[in-house]
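Below is one structure, written out as structure tokens, with a few remarks after it.
Quick note: the coordinates plus some simple rules give every number you see, no bench work behind them. Just so it is clear, the model here is predicted, and its values are computed rather than measured. A quick note on method: Cβ atoms are made from the backbone with ideal geometry, for glycine too, and the neighbour counts reach across all protein chains shown.
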Protein chains: 2
Amino acid sequence: MASLEGIDMDEYARRREQLIQEDRTLRIDSAKLRSLTDIEINAEAVVRAIRTEEAVSVWGAGKSIVEYDPVDNAPNVFPGMAFLTARETVTKTRLFRILSKMPKGALLHAHLDAMVNVNVLLRLAIAQPFMHVRAPARLTANNIKAVLPEFKALPQAAFSDLSSLTDETYRGSEWVPLHRARDTFSESLGGPNGFDEWVTRALTIDPSEAYGTHDTPTKIWAKFTSTFLVSHSLVYFAPIWGQYIRQFLLSSIEDGISYVEPRINFLFKYMTGADGIENVPHREWLVTFDRVVNEVKAELEKQGRQEEFVGAKIIYSTIRFITPEELEWYTEDALALKQEFPHLIAGFDLVGHEDSLKPLIDYIEPLTRFMRRREELGVDLPFIFHAGETLGDGNAPDMNLYDAILLGTKRIGHGSSLVKHPKLMEICRERGIAVEVCPISNEILRLTSSMPAHPLPVLVNHGVHVSLCSDDPAVFGNMGLTFDFFQVLVASEVTGLLTLGEFARDSIKHSMMDDEEKARALGFWEKRWLDFLQWVERTGGE
Amino acid sequence: MASLEGIDMDEYARRREQLIQEDRTLRIDSAKLRSLTDIEINAEAVVRAIRTEEAVSVWGAGKSIVEYDPVDNAPNVFPGMAFLTARETVTKTRLFRILSKMPKGALLHAHLDAMVNVNVLLRLAIAQPFMHVRAPARLTANNIKAVLPEFKALPQAAFSDLSSLTDETYRGSEWVPLHRARDTFSESLGGPNGFDEWVTRALTIDPSEAYGTHDTPTKIWAKFTSTFLVSHSLVYFAPIWGQYIRQFLLSSIEDGISYVEPRINFLFKYMTGADGIENVPHREWLVTFDRVVNEVKAELEKQGRQEEFVGAKIIYSTIRFITPEELEWYTEDALALKQEFPHLIAGFDLVGHEDSLKPLIDYIEPLTRFMRRREELGVDLPFIFHAGETLGDGNAPDMNLYDAILLGTKRIGHGSSLVKHPKLMEICRERGIAVEVCPISNEILRLTSSMPAHPLPVLVNHGVHVSLCSDDPAVFGNMGLTFDFFQVLVASEVTGLLTLGEFARDSIKHSMMDDEEKARALGFWEKRWLDFLQWVERTGGE
């Protein structure tokens, strides 16, 4: 840049604009934003105006600091603030109502175990006569907050005639039929509603945990992990499994998601069957998954809504605490399933708490062996690894990013620490490795204190492709994708509605659909997107 | 990168190492780390071993998540955690004791008003017979937490014979001689200690504020700003001014800092003189500053400690709420002072809360006019701008980065949002624009929840030169630079002692000393650094 002495203000403004544009060249929305239709310009303006207005009217932003009393007791609210305390306010905004109608594209990072509202899951479970529940001791006002429920479908021969977890006759650890335990839940503990609250507390994260007692990544992960231990026996029970998947698909479609690629945890070799016996193998899980996907597609087609849902694939996952030797069993299992259900299996991943579990490098031998095996078999089963879900700099989970990329990962799950790696961001850009960013998950699991502090804009401005995802909405309360899109939109002045549109478009492009499926999905999405923009332009979102 | 199928583990390890090195090429420590002496290798290893050991023994890190009870009440501790709650623990670590002996180089971002421990400042003030204090109402147990003290040096004719802020005769708003107000402070409010606590609370930030009531950048800035309003009349009082500067220099030297470049706030045109009248002009401030710097240098030389302190320069600052028209008075004032004290004035800046005050673009006309003026006068008075001290993405303070760079800033104060700007980071790299990073300040002012979430590693890995700074340690409690170096060291596995050494070296290189001064300062620093490494190697920091 030349010297500024003697230039006029117009020339300064020109140079400034040029520098801003150069700085934003790598962004995935930069081409789009250079040539916009009138509809796009208008819809963008509508949304920006509402955001500006609600930043003040809803979030009190833009107040001068002198308006704050040093001993002020007003709540600490701002756009993009901690989700668990903001959630109710978010749902009342006009911006949220607009985004809830937006076609979101594909959901690429979602753990199947945590995709259905816990109340819905509980209703499904209560209807199951084989489902039982127990607690380690009789539940009382003193212990109810500290004690977790345990669920299990039992074979008929093992049914008990106990009827209550709160009665003095309950000695602890005995199984009680679920529906009966709920019906008989002591009035002093709130009766059936009290039972539901007890279960809900065990399956979700409360603001007092995320922002108080468990306000570190490691501690909140302890609570987070415990929710999966509680829900496991409910979700992985054959009579619930199919209904659960159906609920997941329908609620996703309701939120504007037209394709899903959930990670399914195949750690346990069997789920419990309708007879209460743990004997349903992985291939049966997939048969049901396939059937439900096809049923939902057929129903939508019958209603003339085929554009709203194009399908689902599964990322085969196991957990990072298995031994390298055990991993071989899973990679072989995944290969066999891929061969039997080539249209269903999209990839392979290792999941779990990166900060405390085994890094990818510990599995490098079985993983490279798997790469040779899939070559031999001519099976296309790529890695889609979680990596860099950490605050660490150069610690094991941060180093997972190097291994994920060396192993040829197609996408990166989370990649929170990717922004620290200029060379890896360059590789992601060149090879089109998209990052599955889960804004609300990251915030609740304490990788960021709020959305404005999230590294997403660093990734985006460095030209890395991004797909916004919900991760585990049953636990976090961010059902669908609207909440995550909302948090991203209100925390940036650069990102507007059209950028969110690029994220949605990119989610389809970076899915594991084949070219033909992608073209169809994109065609549907573009049409719905245009309808949506027109609706925003026409109604202002009212 | 070639395909992995069929490669052996040694080859994988080689490729992985190569990728890591490529990723870290831009780092300012990469050349250094390629050729190390034995002393460097050993001192680095000592510090890393202590860090690893204390991560567990002091901070409880590395615990598996299953060791945490979901209703755990243990405190949320971890390395690099929120400073105000960690401070006491930090001071007890071996790592802290080691770093306190490290030669830190130059302190390049420091607001003079907040550089001396508040207890020391209060002692200086109590000794001043002209200094008075008042409160808006009689102080009682009910109002003492909500009411701020106000100080003022009065001319003798205005002295009052009141003696207490807590006596029933105090009607509020009347000035009371400071030493008397303290001596007579009601026993029920803690007597003189209670008075000191009242003043200290007004001059510092408490964890319950930063992490509780004021847990947003805007709110904590309200408290932060109020501390300066309270301290102003103490610091900008001629009989204290010189002693204050002396205390600042001595405590910095004590902490291993050998050069300082404080920002002085020249907003008010006069400070109060010894006679209690506001009539001491800016040039007198500098005469005193110069005298104290020379006295301290002479004293050290007499003690054979000339290597420990090479000098000080001033960044002329005013506040971003002035009008563009008013700015011209300040730029002319700065030019005049630079001409009279060329060795003292290092640069020009506009300070204050970027999120709520005027952006640089509002001042673009007077700023470019200033550039022409300094050209005409042949005066070398560069901009050293605060910019990007925000969580915003594309908001006004984030956009300040473009203007700071277009205006030719020599360094960037804070630059928290710089990591979002690939082109601007490239420019900083190419032109050697260093960023003055203030880790603890950023955390207490809520730009990051803790050090592991701080963007510093993003900057460093992108090759931007960084100088670690304390900003306003009297308010934050991070006196010296040891605390900031500590927080940075424990929050990264990539950064070790030798990287901190590079930051220190860089702080001298990016100071506004002239080439000869820099060479002398660097020579001294290198010698002290070698002594320090040898001491670490020899004693293990014991």
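Express the relative contact order of chain B as a whole percentage, based on alpha carbon pairs under 8 Å and six or more residues apart in sequence. Intermediate values should be presented prior to the final figure.
Details: 887 pairs, mean separation 113.2, N = 542.
Computed value for chain B: 21 percent relative contact order.
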*For A:Thr91, inter-copy label distances in nm, listed shortest first [label point 7 Å out on the Cα-Cβ vector]*: 4.8
*asked:* What does the C-alpha gyration tensor say about the overall shape of the stretch B:297-394? Classify as rounded when a/c is under 1.5, otherwise prolate if a/b is larger than b/c, or oblate.
replied: oblate
_Percent antiparallel among DSSP beta bridges (both partners in the protein assembly as shown, rounded to 5)_ = 25
_Label distances, nm, B:Gly212 versus same residue in remaining copies, Cβ-directed 7 Å point_ = 1.3
*Give the nm distances, rounded to one decimal, from B:Ala127 to the matching residue in every other copy, measuring between label points 7 Å along Cα toward the beta carbon; shortest first.*
8.2
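Quick one: compute the contact order of the stretch B:140-261, relative version, from alpha carbon pairs under 8 angstrom and 6+ residues apart, as a percent. Working shown, then result.
Values: 87 pairs, mean separation 26.9, N = 122.
In percent, rounded to a whole number, it is 22.
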*For the stretch B:83-105 and the stretch A:413-488, compute the distance between their C-alpha centroids and round to whole Å.*
34
*asked:* Consider the operator that turns chain B into chain A: which B residue has a Cβ nearest its axis, and what is that gap in Å?
replied: B:Ser449, 2
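Arrange B:Met479, B:Met399 by Cβ neighbour counts within 10 Å, fewest through most, would you?
B:Met479, B:Met399
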*If you take the charge dipole of the protein assembly as shown about its Cα centre, with +1 on Lys and Arg Cβ and -1 on Asp and Glu Cβ, which of B:Val47, A:Gln247, B:Thr184 is farthest toward its positive end?*
B:Thr184
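Return the average number of partner chain Cβ atoms within 10 angstrom of each residue Cβ along peptide A:208-220.
On the way: counts 0, 3, 0, 1, 1, 8, 5, 7, 11, 4, 10, 9, 3.
Averaged over the peptide's residues, the number is 5.
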*Could you compute the FRET efficiency for B:Ile7 and A:Val379, with r as their C-beta to C-beta distance and R0 at 22 Å, rounded to 0.05?*
0.65
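How much of the DSSP bridge set in chain B is antiparallel, in percent, rounded to the nearest 5?
Values: 9 of 36 bridges.
The antiparallel fraction comes to roughly 25 percent.
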*asked:* For chain A, take the longest principal axis of its alpha carbons; what is the angle in degrees between that and the long axis of helix A:364-377, to the nearest 10 within 0 to 90?
replied: 90
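What is the sum of charges around A:Met513, taking Lys and Arg as +1, Asp and Glu as -1, for the other residues whose C-beta is under 10 Å from the C-beta of A:Met513?
Net charge around A:Met513: -1.
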*Sorted from fewest to most neighbouring beta carbons within 10 Å, what does the list A:Val435, B:Val133 look like?*
B:Val133, A:Val435
*Nearest 20 debye, what's the magnitude of the dipole of the stretch A:429-511 about its Cα centre given +1 on Lys and Arg Cβ and -1 on Asp and Glu Cβ?*
160
*Rough spin-label spacing in nm, given labels placed 7 Å along Cα→Cβ, for A:Ala31 and A:Arg87*: 3.9
*asked:* Test of understanding: ordering B:Glu389, B:Glu254, A:Glu325 by Cβ neighbours within 10 Å, fewest first, what list do you get?
replied: A:Glu325, B:Glu254, B:Glu389
*Please average, across the residues of A:423-434, the number of beta carbons from any other chain that are within 10 Å of each residue's own beta carbon, and give a whole number.*
2
*Would you work out which of A:Trp221, B:Leu401, B:Ile20 lies farthest towards the positive end of the dipole of the protein assembly as shown, given +1 charges on the beta-carbon of Lys and Arg and -1 on that of Asp and Glu, about the Cα centre?*
A:Trp221
*Report, in degrees rounded to the nearest 10, the 0 to 90 angle that the Cα long axis of helix B:9-23 makes with the longest principal axis of chain B.*
30
*In a shell of Cβ-Cβ distance under 10 Å around B:Ile220, excluding B:Ile220 itself, what net charge do Lys and Arg (+1) and Asp and Glu (-1) give?*
+1
*Based on a Kirkwood Rh over C-alpha pairs, give the Stokes-Einstein translational diffusion coefficient of the protein assembly as shown at 4 °C and viscosity 1.567 mPa s in µm²/s.*
41
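Between beta-carbons, use under 11 Å as the cut-off and find the net charge around B:Met451, counting Lys and Arg +1, Asp and Glu -1. Before the final figure, lay out the partial values.
Details: positive: none; negative: A:Asp393, B:Glu443, B:Asp484.
With Lys, Arg at +1 and Asp, Glu at -1, the neighbours total -3.
Only Lys, Arg, Asp and Glu count, each charged at its Cβ (+1, +1, -1, -1), so figure out the dipole size of the protein assembly as shown about its Cα centre, rounded to 20 debye.
Numbers: 114 positive and 156 negative charges, 49 e Å.
I would put it at about 240 debye.
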*When the Karplus curve 6.51 cos²θ - 1.76 cosθ + 1.60 is applied with θ = phi - 60°, which whole-Hz ³J(HN,Hα) does each residue of the stretch B:333-349 get, with x for Gly and Pro?*
4, 5, 4, 5, 5, 4, 5, 7, 10, x, 7, 9, 8, 9, x, 10, 8
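Let me have the relative contact order for the stretch B:129-203, percent, based on Cα pairs under 8 Å that are six or more residues apart. Show your work: numbers first, answer last.
Numbers: 119 pairs, mean separation 26.0, N = 75.
Dividing the mean separation by the residue count of the stretch B:129-203 yields 35 percent.
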